[in-house]
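Q: Below you will find the structure I want to go over with you.
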Amino acid sequence: MNTLPLPDPDALAHSQRLQQLLASEIADSGGWLSFARFMELLLYAPGLGYYAAGARKFGTAGDFVTAPEMTGLFGQALARQVLPAMAASAPSVLEVGAGSGRLAADLLQALEGLQALPESYSILELSADLRQRQRVTLERTVPHLIERVVWLDRLPELFAGVVVANELLDAMPVDIVAWRADGIYARGVALAADGCFTWSERPASGALLAAATEIGEQCQLPPGFESEIGLASRAWTAEWGHRLQCGLLLLIDYGFPRHEFYHQQRGRGTLMCHYRHHAHTDPFYLPGLQDVTAHVDFTAIAAAADTAGLEVLGYASQGRFLLNCGILDCLAEIPTDSTDYLRAAGAVNKLLLPHEMGELFKVIALGRGLGEPLCGFAGSDQRRRL
């Protein structure tokens, strides 16, 4: 970790306060904390967690760059799938985890250009800091549309329309499991003699054991294999089975179908940390100052949706989905002799190319009551791989 940038004194003090909270939580839990709970506090502890505090996260000045931050063409292309889905359900959009507000602004602008503005654009965001940033972005970019935007504290009891979530599932807490010769173990966090965080294992039980047993048998995992299981993302997906009356969920994230997620070559899992555009695998480093994520098991997401009564309407790579939604047509509308075109073309390449984001990122569509096929998956639907 010596190569990573050092935080300033205020940021370091912030991290130390979160470390103290985590240590207290471990002590109160009998000296062992599940990794899912540890990750939840790392990211969402009120006022201290990575997403709950005020550090800049998105863009070149933050820790990572998301697709909407790269180019507005991402939102323009997405709008071409949102439009017919709204027409078939209700003129409402709900974005969950809206980041800086860039995608909301781009979607609203694009839908206005298509003469298909939603009557309401809801944003579910728990971070007060991010809510303020989203408002600033929207007021700067689409001030005449700000009255259509409403911020929510929780999922609506019932919803009809289109739900959009870009890079949400990867930020949900995961359990870490080890398949050992003598059984299946949950990898949690304890305190070492020097007070530092350390890994500690206990036999898995309950829902985690059931999920790990199923995965181990399906994928024929050898002893020593370690990986993540996202019970929280499964539960979140299933919850929409109770709440979505009619409409579409578009979930965009990096991940794999199960047989690729739990592949022999991925025997230490997918957990990744992001700190000032450096990626590493130590979740104990500078708590509260770095993002901690895991890839998405899209087979588990599809199964959770199906069990909850939702239809799995499509699954494709981000690259194919954006091509189907006409991102190159959107690019072609920019004068080719302008610097704007060069910047946009570079960003589009990153979004589409297989060795960049085009293949690692996937789009899964879940829904209820939509009769029309989805344009984003035409000719490239990969649901058979789930």
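Q: Once you charge only the Cβ atoms, +1 for Lys and Arg and -1 for Asp and Glu, what is the size of the charge dipole of segment 127-170 about its Cα centre, to the nearest 20 debye?
A: 180
Q: Moving on to the next point. Points 7 angstrom from Cα along the Cβ direction at Ala116 and Thr3: gap in nanometres?
A: Here the modelled spin labels are 4.6 nm apart.
Q: Also, I was wondering about something else. With an 8 Å cut-off on Cα pairs and a minimum separation of 6 or more residues, tell me the relative contact order of the chain in percent.
A: 20
Q: Got the relative contact order for segment 118-219 handy, in percent, Cα pairs under 8 Å and 6 or more residues apart?
A: So the answer I get is 18 percent.
Q: Given His355, Val93, Leu248, which one lies farthest toward the positive end of the charge dipole of the chain, if we put +1 on the Cβ of every Lys and Arg and -1 on the Cβ of every Asp and Glu?
A: His355
Q: Taking H as built 1.01 Å from N, whose amide H comes closer than 5 Å to the amide H of Trp151, not counting residues under 5 places away?
A: So Trp151 has HN proximity to Ile123.
Q: Now, a different point. Mind checking the dipole of the chain: about its Cα centre, +1 per Lys or Arg Cβ, -1 per Asp or Glu Cβ, Debye to the nearest 20?
A: It works out to roughly 180 debye.
Q: Pulled fully out, how much extra length does the chain show between Thr336 and Met272, if you take 0.36 nm times their separation in residues and subtract their Cα-Cα distance?
A: In short, 19.3 nm is gained.
Q: What number, rounded to the nearest 500 deg cm²/dmol, is the helix-based mean residue ellipticity at 222 nm of the chain, given -39500 (n - 2.57) per DSSP H run of at least four residues and division by all its residues?
A: Computed mean residue ellipticity for the chain: -11500 deg cm²/dmol.
Q: Set Lys and Arg Cβ to +1 and Asp and Glu Cβ to -1, take the dipole of segment 115-220 about its Cα centre, and tell me which of Ile146, Tyr121, Ala165 lies farthest positive.
A: Among Ile146, Tyr121, Ala165, the one farthest towards the positive end of the dipole of segment 115-220 is Ile146.
Q: Can you give the charge dipole size of segment 14-146 about its Cα centre, rounded to the nearest 20 debye, using +1 on the beta carbon of Lys and Arg and -1 on the beta carbon of Asp and Glu?
A: 220
Q: Arg343 to Ser380: extension gain in nm, 0.36 nm per residue of separation minus the Cα-Cα distance?
A: Between Arg343 and Ser380, full extension yields 10.6 nm more.
Q: For segment 360-375, list residues with backbone N below 20 Å from a point placed 7 Å from the Cα of Gln265 toward its Cβ?
A: From segment 360-375, the list is 360-362.
Q: Moving on to the next point. On a full-extension model of 0.36 nm per residue, what is the gain between Arg17 and Asp182, subtracting their alpha-carbon distance, rounded to one decimal in nm?
A: 55.6 nm
Q: Work out the charge dipole of segment 230-386 with +1 on the Cβ of Lys and Arg and -1 on the Cβ of Asp and Glu about the Cα centre, then indicate which of His280, His259, Ala305 is farthest towards its positive end.
A: Value computed over the given set: His259.
Q: Sticking with this one: Take every Cα pair under 8 Å in segment 1-153 that's 6+ residues apart, average their separations, divide by the length, and report that relative contact order as a whole percent.
A: 17
Q: Can you give the FRET efficiency for Glu147 and Glu372, using 1/(1 + (r/R0)^6), R0 = 30 Å, r = Cβ-Cβ distance, to the nearest 0.05?
A: Between Glu147 and Glu372 the formula returns 0.50.
A short reminder: the numbers here are calculations on the coordinates, not readings from a lab. The model shown is predicted, which means the values in this text are computed figures rather than measured ones. In this analysis, Cβ positions are derived from the backbone assuming ideal geometry, glycine residues included, and neighbour counts consider all displayed protein chains.
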